[in-house]
């Protein structure tokens, strides 16, 4: 039985390593500004609004929790009302956005549906409109649509859709590093795509870019933001092998840490193997001595 233990440990670790490397080759890293520049493309050829937008990663900085918004029912709320006990997933979207905002929220809902973590127990979700023309009625309509897609128990109570005035929006987006501009020719906002995970006390912990979010990345971000209060021991072990890359907004496998764990597993496997073999040898010797003829043992 022990002869298969050592290869199994090493093979499992190598398979995890290979899968991660393959995934990294298949999926490109999104640009931190929410706009992917093609090879050889000059900055002058990028549309002017897109040169102004992006995420400034203000990691470990606090957002203004005393900022006032309105929830989907029209009630005035402090941003801090959603913090204090659990990490928070925050995203910025305006509710009349014809395309990108809907994709961002849909991508988050899809990732959340796969997570085993429970909304309201393990985390909160806060969607904030950065269009001061949006109303609580717009927020309520948008919430109703996405709660139908994210039907986990407690989702309706844990996912909040907020609107605010220009001053509140600017205060929060500046603190969060979310840069957007109004594009008059298209009559739309130009903005980056991504979600932000914050700690229970309101510090910016992780930025995940794009319109689709890996459930693994989102789970790791929540576990880290909660400082281990969310998740299980397996998450802590996996986080030792994975590291957050601010440039890509993803978690990548740290090869040296995997090899270190493989070495530790090898030592334990060899130690267990040697222990079992020594015990078997002792039992075999004891059995052999026990069957010797007493008269022969006296000679």
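The values are calculated or read from the model by the stated rules, or taken from the named source; none is laboratory data. Please read these numbers as outputs of a predicted model, since none were measured by experiment. For neighbour counting, all protein chains shown are included, and Cβ atoms are generated from backbone atoms with ideal geometry for every residue, glycine included.
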Practice task
Inspect all residues belonging to region 100-114 and state whether any of them is under 26 Å from residue 228 (Cα atoms), surrounded by fewer than 22 Cβ atoms within 10 Å (Cβ to Cβ), in contact with a helix residue (DSSP H, G or I) (Cβ under 6 Å, 6 or more places away or on another chain) and in contact (Cβ under 8 Å) with a residue 60 or more places away in the chain.
Solution key: yes
Practice task
May I ask you to verify whether residue 146 is under 21 Å from the mean Cα position of the chain (by Cα), buried (at least 16 other Cβ atoms within 10 Å of the Cβ), touching a residue at least 40 places away in the same chain (Cβ under 8 Å) and assigned to a helix (DSSP H, G or I)?
Solution key: yes
Completion exercise
Here the residues within region 205-216 that are buried (at least 22 other Cβ atoms within 10 Å of the Cβ) and touching a helix residue (DSSP H, G or I) at 6+ places or on another chain (Cβ under 8 Å) are 206, 208, 210, 213
Exercise for the section: Hey, could you check region 171-180 for residues that are over 22 Å from the mean Cα position of the chain (by Cα) and farther than 18 Å from residue 95 by Cβ and say which is surrounded by the fewest Cβ atoms within 10 Å (Cβ to Cβ)? Expected result: 174
Completion exercise
The condition of being modelled with pLDDT of 95 or more, more than 20 Å from residue 180 (Cα to Cα) and in contact with a helix residue (DSSP H, G or I) (Cβ under 8 Å, 6 or more places away or on another chain) holds, among 64, 136, 87, only for 87
Completion exercise
residue 139 passes all but one of the listed conditions (1) farther than 25 Å from residue 245 by Cβ; (2) crowded, with 23+ Cβ neighbours inside 10 Å; (3) free of Cβ contacts under 8 Å to residues at least 60 places away in the same chain; the exception is number (3)
Practice task
Test residue 73 against the criterion of being surrounded by fewer than 16 Cβ atoms within 10 Å (Cβ to Cβ), modelled with pLDDT under 95, part of a loop (DSSP other than H, G, I, E, B) and touching a helix residue (DSSP H, G or I) at 6+ places or on another chain (Cβ under 9 Å), and give yes or no.
Solution key: no
Practice task
For region 156-167, indicate whether the set of residues that are farther than 18 Å from residue 85 by Cβ, part of a loop (DSSP other than H, G, I, E, B), out of contact with any strand residue (DSSP E or B) (no Cβ under 7 Å at 6 or more places or on another chain) and modelled with pLDDT of 95 or more is non-empty.
Solution key: yes
Exercise for the section: Please determine, by comparing only the residues of region 189-204 that are touching a helix residue (DSSP H, G or I) at 6+ places or on another chain (Cβ under 7 Å) and assigned to a strand (DSSP E or B), which one is nearest to residue 117 (Cα to Cα). Expected result: 197
Handout entry: Any hit, region 178-188, residues being farther than 22 Å from residue 225 by Cα and in a helix (DSSP H, G or I)
Key = no
Completion exercise
Reported set for region 229-253 where residues are over 13 Å from the mean Cα position of the chain (by Cα) and either at pLDDT 75 or above or buried (at least 17 other Cβ atoms within 10 Å of the Cβ) (or both) is 229, 241, 247, 253
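Yes/no matrix, rows are residues, columns are (1) modelled with pLDDT under 50; (2) part of a helix (DSSP H, G or I):
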site	(1), (2)
20	yes, yes
38	yes, no
57	no, no
60	no, no
101	no, yes
Exercise for the section: Note down all Cβ pairs under 7 Å where the first residue falls in region 218-239 and is within 11 Å of residue 199 (Cβ to Cβ), the second is outside any helix (DSSP H, G or I) and modelled with pLDDT under 80, and they're at least six residues apart or on different chains. Expected result: 222/230
